[in-house]
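*Asks:* One structure follows; several queries about it will come next.
The values are calculated or read from the model by the stated rules, or taken from the named source; none is laboratory data. Treat the numbers as computed from the prediction; the structure is a model and nothing was measured. Here the Cβ positions follow ideal geometry from the backbone for every residue, glycine too, while neighbour counts run over all protein chains shown. Surface accessibility is based on the protein's heavy atoms, side chains included, excluding ligands, DNA and RNA. Shrake-Rupley method; radii C 1.70, N 1.55, O 1.52, S 1.80 Å.
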Amino acid sequence: MAARRRFTPDFDPAHGDRPLSDTLHDIVIGRWQGIRDLLGDTGSDWALRTHRVRLLAHAAAGSSTAESWQAAEPASPDAAVLRAATEVVRVFHRAITAGAGQAGGVERARLDATVRACLAAAAAHPADPMPWVSLLTVARLYEDGVPRRELRRWWDEMRRRDPDNLEGHVQLLRYHSARWHGTHGRMYDFARDAAGASPPGSPLPVLVQIARVEEYRHIAASAQGRPVRGFDQHWKHELAIVEIRRTWQRWVLGRPDAPVEPEEVGQLNYLVHAACYAGLTTEARGLFQLLGPRAALVPWSYTGDPAEQFTRWRAQVGATS
């Protein structure tokens, strides 16, 4: 009998999106034409487009590919959207270099220039929510945040185009977190309000699990290795368990009975991570079976070695596919 193949999680950042993977390779060799074709083919599938633009921007941030495309096709709305998203990634890289990616780590003139690039992209592609997602992202880097009225406008413009845009919700959730410009309470209020208002099958309920990860990161970093009283119950107290089950019921049981799309993989990893640490075997098994080998570094990397945890928990709950 042949030896049983050892399970290996797949941490492909494109989450199985083959056309995106091919285009990411184009960026490495300096070709922008593949990006143009990919975004043209994506059309107004906003969830997929947001996923693709976000990863393309991360790949393009260390090269001049976005600039080359915009110079070659200055009237292209897609080029403007990618250029703006790329500038956002670059200012975050600059903040990390300045010190752990904190507000105030980038000079205001550079942030203002990035905001102008996002607004120009929004004007160039009026239907696209992505420039507004980019604005909600860069807002975190302003030392004192952005004025409430301006933040609200960016949020309203994003939701007008794509009310359930998960990435936009995640960016505003982080803005409201204690690590940036808010508190744990404000962050959870935002997550629970958005989750409660979402229709069946929407991924927005997972915002509550994302908020729990954000709280964990902040507390763990602040403790600097010292024990925190009650922290061992972070994932498995009664409310945490109720909210995982609620996300499972509203999102996973409400979504179509279809293969997982690439743009769902990262969020499903948040939910299965929470289910594992809460001891919810049935939900965790179902989520692992949905995902197959498709893993995401976050949030597993915040609680240990990602590959070891994904593999161990998958075996522990009895997932077989």
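*Asks:* Determine the dipole magnitude for the chain: charges of +1 sit on the beta-carbon of Lys and Arg, -1 on that of Asp and Glu, nothing else is charged, the reference point is the Cα centre, and the result goes in debye to the nearest 20. Each step should come with its number before you reach the end.
*Replies:* Details: 40 positive and 37 negative charges, 167 e Å.
It comes to approximately 800 debye.
*Asks:* While we're on this one: Looking at PRO19, ALA79, GLY254, which one has the Cα that reaches farthest to the positive end of the dipole of the chain (charges on Cβ: Lys, Arg +1; Asp, Glu -1)?
*Replies:* GLY254
*Asks:* Please list 3J(HN,Hα) in residue order for the range 235-244, calculated via the Karplus relation 6.51 cos²θ - 1.76 cosθ + 1.60 where θ = phi - 60°; whole Hz, with x for glycine and proline.
*Replies:* Using θ = phi - 60°, the values come out as 8, 10, 6, 4, 5, 4, 5, 4, 6, 5 Hz.
*Asks:* Additional query: Between GLY43, LEU136, GLN289, whose Cα lies farthest towards the positive end of the dipole of the chain when Lys and Arg beta carbons carry +1 and Asp and Glu beta carbons carry -1, centred on the Cα centre?
*Replies:* After comparing all options, I get GLN289.
*Asks:* So what's the gap between the Cα centers of the range 281-321 and the range 122-161, to the nearest angstrom?
*Replies:* The range 281-321 and the range 122-161 have Cα centres separated by 34 Å.
*Asks:* To continue, here is another question. Under the rule of at least 5 residues apart or a separate chain, name every residue whose amide H is placed under 5 Å from the amide H of ASP10.
*Replies:* Here ARG294, ALA295 satisfy the definition.
*Asks:* Along the range 135-150, what does the Karplus equation 6.51 cos²θ - 1.76 cosθ + 1.60 (θ = phi - 60°) give for ³J(HN,Hα), rounded to whole Hz, x for Gly and Pro?
*Replies:* Karplus values, whole Hz, x for Gly and Pro: 5, 5, 6, 5, 4, 4, 7, 5, 4, 10, x, 10, x, 4, 5, 5.
*Asks:* Oh, and also: What is the dipole size for the range 199-321, taken about its Cα centre, with +1 at each Lys and Arg Cβ and -1 at each Asp and Glu Cβ, in debye to the nearest 20? If you can, show how the numbers build up before the last one.
*Replies:* On the way: 13 positive and 12 negative charges, 52 e Å.
Its charge dipole is roughly 260 debye.
*Asks:* Tell me the label-point distance for the pair ARG153, HIS218, using the 7 Å Cα-to-Cβ offset, in nm and rounded to one decimal.
*Replies:* My value for the distance between the label points is 2.7 nm.
*Asks:* Would you work out which of LEU268, GLY104, GLY225 lies farthest towards the positive end of the dipole of the chain? Charges go on Cβ: Lys and Arg +1, Asp and Glu -1.
*Replies:* About the Cα centre, the residue reaching furthest to the positive side is GLY225.
*Asks:* From largest accessible area down, sort THR8, THR247; use a 1.4 Å probe on the protein chains. Each step should come with its number before you reach the end.
*Replies:* On the way: THR8 95, THR247 5 Å².
If we order THR8, THR247 from most to least accessible, we get THR8, THR247.
*Asks:* While we're on this one: Take the alpha carbon gyration tensor of the range 124-173, find the square roots of its eigenvalues, order them as a ≥ b ≥ c, and report rounded if a/c is under 1.5; if not, report prolate when a/b exceeds b/c, else oblate. Walk me through the numbers before you get to the answer.
*Replies:* Numbers: a/c = 1.83, a/b = 1.61, b/c = 1.14.
In terms of gyration-tensor shape, prolate.
*Asks:* Most mobile of ALA47, ALA223, ALA60 per a Gaussian network model of the chain (Cα springs, under 10 Å)?
*Replies:* Ranking ALA47, ALA223, ALA60 by mean-square fluctuation puts ALA223 first.
*Asks:* Also: Assuming 0.36 nm per residue, please report the length gained on full extension of the stretch PHE11 to THR97 beyond their Cα-Cα distance. Walk me through the numbers on the way to the answer.
*Replies:* Working: separation 86, 0.36 × 86 = 30.96 nm, distance 2.52 nm.
Full extension from PHE11 to THR97 adds 28.4 nm.
*Asks:* Please give the per residue volume of the convex hull enclosing the alpha carbon atoms of the chain, rounded to a whole number of Å³. Spell out each step's value before the answer.
*Replies:* Working: hull volume 48.3 nm³, N = 321.
Expressed per residue, the convex hull around the Cα atoms of the chain is 150 Å³.
*Asks:* In debye, nearest 20, what is the charge dipole magnitude of the range 76-166 about its Cα centre with +1 on Lys and Arg Cβ and -1 on Asp and Glu Cβ, if you could check?
*Replies:* Values: 14 positive and 12 negative charges, 30 e Å.
In debye, rounded to 20, the range 76-166 gives about 140.
*Asks:* Between the range 1-79 and the range 179-197, what's the alpha-carbon centroid distance in Å?
*Replies:* One Cα centre to the other: 31 Å.
*Asks:* Pop out the ³J(HN,Hα) list for the range 105-114 in order, Karplus 6.51 cos²θ - 1.76 cosθ + 1.60 with θ = phi - 60°, rounded to Hz; leave Gly and Pro as x.
*Replies:* Once θ is set to phi - 60°, the couplings for the range 105-114 become x, 10, 4, 4, 4, 5, 5, 4, 5, 5 Hz.
*Asks:* Largest first, what is the accessible-area ranking of HIS181, HIS25 with a 1.4 Å probe? The partial results should precede the final answer.
*Replies:* Working: HIS181 40, HIS25 110 Å².
Sorted by accessible area, descending: HIS25, HIS181.
*Asks:* Sticking with this structure for a sec: I want to verify a result. In a Gaussian network model of the chain, Cα cutoff 10 Å, which of these has the top mean-square fluctuation: VAL81, VAL206, VAL242?
*Replies:* Of VAL81, VAL206, VAL242, the most mobile in the Gaussian network model is VAL242.
*Asks:* Between ALA258 and SER21, 0.36 nm times their residue separation minus their Cα-Cα distance comes to what?
*Replies:* Details: separation 237, 0.36 × 237 = 85.32 nm, distance 2.19 nm.
Gain on extension, ALA258 to SER21, equals 83.1 nm.
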